[in-house]
Amino acid sequence: MSTDTTKRRHPYDARLGFESDIEAFFRSTRLVTATGFFRLNDLFKDLTTIILPDIFETVAKRSKLKILSVGCSDGREPYSLAMAVQQSTKSSRKIELKILACDVNQALIETAKCGIYRLRKDEKRKVQDYRSGFLFLSEDEVLINDTIRELVRFRVSDILMLEGKETYDIAVCANLLLYYKEEYRAEILRKLSSMLIPNGYLYVESVGTKFMENFGLFRIYPGAHFFRKRIFN
Ligand SMILES: C[S@@+](CC[C@H](N)C(=O)[O-])C[C@H]1O[C@@H](n2cnc3c(N)ncnc32)[C@H](O)[C@@H]1O
């Protein structure tokens, strides 16, 4: 068996041919960093109609909410999450929201911190309900407003290397697992499950119900992409 640790491979491999260099893979092509404001309809619908009401209505004095956005690309996803939570809770109660957003790609995180975006046609329609979250610099160029920016912290990090004992109420890992083989998906899911509070929620696609149950994660309804972490005694 080789003892040459300098040749040690990355703990997991991108599926699509690169030599275990996950950062290079995700830096190398625009395709795998595609994102958008309010991109996934079911994510925002389930978040605002099922998850947030459940968190805030069943736990009477709940005033804090922590969200993890993994593979956040250029920041449109976590900023959308911040706007959605803010909008759906503003009339009911004051909550302290904190979002940690991470991505392996440093350039994308720099863009995210800047908070300036050119809206695509499909996004222009989607941001209509959240106009107060943006400052319009021109018809299609926007700056994220300060209140929303303050809710999101960005970090260049591989999810598996993310350190700290912080736990989250909700984790979103959208359009990321599809790039990994099953064994690496398992590693990522184990890590994400460990970062959730009991009864916390994880949004993730490209995984079967039975596979998810290995990590104590149960689909909230048939076909949903949100899973709930159950603790059994
Ligand atoms: C297709 S984009 C998805 C962006 C966003 N989640 C969405 O659905 O709109 C996938 C992102 O995941 C990031 N990524 C891939 N593997 C990662 C890992 N192990 N840890 C953190 N980010 C990762 C890539 O750099 C890329 O920006």
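A simple spin-label model places pseudo-atoms 7 Å from Cα toward Cβ; at R120 and E150 they are separated by 3.2 nm.
Here the extension length gained between L143 and A107 equals 11.2 nm, from 0.36 nm per residue of separation less the Cα-Cα distance.
Placing D158, D129 in order of accessible area, with the largest value first and a 1.4 Å probe, yields D129, D158. Projecting label points 7 angstrom from Cα along Cα→Cβ for E96 and K181 puts them 4.4 nm apart.
For the stretch 9-229, the Cβ-based charge dipole about the Cα centre amounts to some 580 debye (Lys, Arg positive; Asp, Glu negative; other atoms uncharged).
Please say if the stretch 9-229 is rounded, prolate or oblate, where rounded means a/c under 1.5 for a ≥ b ≥ c the square roots of the C-alpha gyration tensor eigenvalues, and otherwise the choice is prolate for a/b larger than b/c and oblate otherwise? It comes out oblate by the Cα gyration axes.
The values are calculated or read from the model by the stated rules, or taken from the named source; none is laboratory data. Since this is a predicted model, take the numbers as computed values, not measurements. Neighbour counts run over all protein chains shown; Cβ positions are idealised from the backbone, glycine included. Only protein heavy atoms, including side chains, enter the accessible area calculation; ligands, DNA and RNA are left aside. Shrake-Rupley method; radii C 1.70, N 1.55, O 1.52, S 1.80 Å.
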